[in-house]
Amino acid sequence: MATGESSRREGSLEAPTRHPLDWRSPDFYNKDSLFHELERVYDICHGCRRCVSLCNSFPVLFDLVDESPTMEVDGIKKDDYWKVVDQCYLCDLCYMTKCPYVPPHEWNVDFPHLMLRAKAVKFKDGEVSLRDKVLTSTDAVGKLASIPVVVQAVNAANNSKPLRQVMEKVIGIHADAPLPRFESNTARKRLEHAPAAPARAEPTAETTGKVAVFLTCYGNRNAPAVVEDMVAVFRHNDIEVRITGSEVCCGMPKLELGDLETVAKHREANVAALLPLVEQGYDLIAPIPSCVLMFKQELPLMFPEDERLAKIKRAFFDPFEYLMLRHKAGKLRTDFNEAIGKVAHHVPCHQRVQNIGLKTKEVLELAPDTSVTSIERCSGHDGTYAVKAENYAFAKKICKPVVNRIAEGGFDHYLSDCPMAGELIEQGVATSEATSAFTLLRQAYGI
Ligand code: SF4
Ligand code: SF4
């Protein structure tokens with residue numbers, strides 16, 4: 001390894017410090033500077049190799065090193081650096097769960113944000129396919145695909161093997177990858193005219209007892225029934241629930257593409273929709289962990305000076321984190337009507353890195369005769385990663401340990417807190433369908 005001597009202290013006793021993403025500095029997009037940093041960090045990773053089992057980025061890197069003429073990072077062709085970048089889906093696990101060299105360690109390794117910088121450089125150079133631009137335009141695609149009549153055609157096409165094979169050849173979406181079903185009766189349509197529950201919940205030290213739901217693209221157009229179940233559970237606990245007046249995509253798919261200017265545009269639209277609600281005393285929740293993480297972490301790291309965003313971040317909660325905070329204050333109903341039973345619970349990476357603990361498990365286990373086994377492994381779905389023709393086989397491989405754990409049996413239900421991950425897991429399990437924690441909780445309450 002070129003960096004540092006072996007006697008240096010590994011890791012830190014201090015909590016990791018996440019530096020803001022310096023994406024507006026001219027150096028961020030400077031290719032020489034990027035490659036210099038990639039070489040430095042790849043070299044540290046080569047000497048460490050702890051992350052080899054997390055995703056496909058690290059095995060690709062280590063294979064490149066081991067097959068290079070020098071068997072060191074300096075033997076890798078610079079063009080091959082992108083192969084590592086292309087396998088990263090920004091799950092953040094290497095930073096949050098494995099790396100001893102994150103700041104304040106002097107080596108200052110932030111592998112996910114370095115990958116993000118490389119993706120941003122690539123995007124700025126125009127080296128992004130039309131497929132990837134379309135796949136990450138969740139708002140535009142969803143709006144079109146959920147129009148009545150169009151919706152049936154899209155769902156039929158997504159389920160047609162011959163058409164899927166054509167799609168794989170023409171646009172590179174793998175013929176076997178699970179694609180979400182679109183619904184024309186969106187969550188917004190289902191909930192916007194529903195009478196608001198009377199505001200009976202008392203505030204606690206950490207929650208106001210009234211929430212606005214950021215529906216998310218997926219929750220709104222692909223999983224409206226899950227959103228309805230979530231809202232029913234909150235209202236059953238006397239929490240006033242409303243949906244946001246308007247919203248656009250949180251920006252996570254565009255972040256994963258490196259399209260930071262579009263992320264910035266989405267931020268403006270969402271701040272305009274969310275800040276007034278926070279100022280009226282609403283806490284915020286969303287049914288998809290990646291979208292929650294966007295507001296809790298990624299946007300504040302991109303715009304550390306934005307006080308409006310800081311207020312939104314403080315008000316944003318994972319829904320089960322919220323319910324557990326209410327329970328801690330004695331404000332959650334535990335008068336369940338029925339048991340849930342044995343549940344296998346997949347914890348998505350973007351929920352794990354929120355550092356909130358296993359809140360879904362804790363809430364479900366409030367129901368009688370219920371035990372939850374949480375599986376903290378990546379599902380491999382990761383936004384748009386699994387549906388791309390070149391990645392699908394890797395995604396299935398990453399998902400296998402999760403599927404195997406569920407297939408060992410002994411569970412009455414299985415679920416992921418990310419419904420998209422749930423679809424890939426379900427494909428692996430094959431014999432039964434994934435459910436949602438909100439659906440199980442609603443059934444247990446008998447509502
Ligand atoms: S952020 Fe996730 S996908 Fe990217 S390198 Fe780290 S562990 Fe792998
Ligand atoms: S990201 Fe950190 S823990 Fe992972 S291989 Fe690199 S140096 Fe090691």
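A short reminder: the numbers here are calculations on the coordinates, not readings from a lab. Since this is a predicted model, take the numbers as computed values, not measurements. We place every Cβ from the backbone using ideal geometry, glycine too, and count neighbours over all the protein chains shown.
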Inset, instruction - As a check on your grasp of the helix formula, calculate [θ] at 222 nm for the chain: sum -39500 (n - 2.57) over DSSP H runs of n ≥ 4, divide by the residue count, round to the nearest 500. - result: -13000 deg cm²/dmol
Inset, instruction - First select every other residue whose beta carbon is under 14 angstrom from the beta carbon of SER290; then total the charges, Lys and Arg +1, Asp and Glu -1. - result: -3
Legend entry - Relative exposure of HIS113, HIS36, HIS350, judged by other C-beta atoms within 10 Å (fewest first): HIS36, HIS113, HIS350
Inset, instruction - First check a/c for segment 98-247, with a ≥ b ≥ c the square roots of the eigenvalues of its C-alpha gyration tensor; if it is under 1.5, answer rounded, and if not, answer prolate when a/b is larger than b/c or oblate otherwise. - result: oblate
Inset, instruction - Find, among the GluC sites (Glu not before Pro) in segment 108-191, those assigned to loop by DSSP (not H, G, I, E, B) with at most 12 other beta-carbon atoms within 10 angstrom. - result: GLU127
Legend entry - Fewest-first ranking of ASP259, ASP417, ASP32, using other Cβ atoms within 10 Å as the exposure measure: ASP32, ASP259, ASP417
Legend entry - Local electrostatic count, ASP92, Cβ distance below 12 Å [Lys/Arg +1, Asp/Glu -1]: 0
Inset, instruction - Mind pulling the angle between the C-alpha long axis of helix 111-124 and the longest principal axis of the chain? Nearest 10 degrees, somewhere in 0 to 90. - result: 80 degrees
Legend entry - Charge sum, other residues only, whose C-beta stays under 11 Å from ASN185's C-beta, Lys/Arg counted +1 and Asp/Glu -1: +2
Legend entry - Helix 57-66 axis, angle to the chain major axis (alpha carbon atoms, nearest 10°): 20 degrees
Legend entry - Considering only the chain, percent of DSSP beta bridges that pair antiparallel, nearest 5: 5 percent
Legend entry - Ranked THR384, THR70, criterion: other C-beta atoms within 10 Å, fewest first: THR70, THR384
Legend entry - Using alpha-carbon coordinates, inclination of helix 419-429 to the longest axis of the chain, degrees: 80 degrees
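Magnitude of the Cβ-charge dipole of the chain, K/R +1 and D/E -1, about the Cα centre, nearest 20 debye?
That gives the chain a dipole magnitude of about 940 debye.
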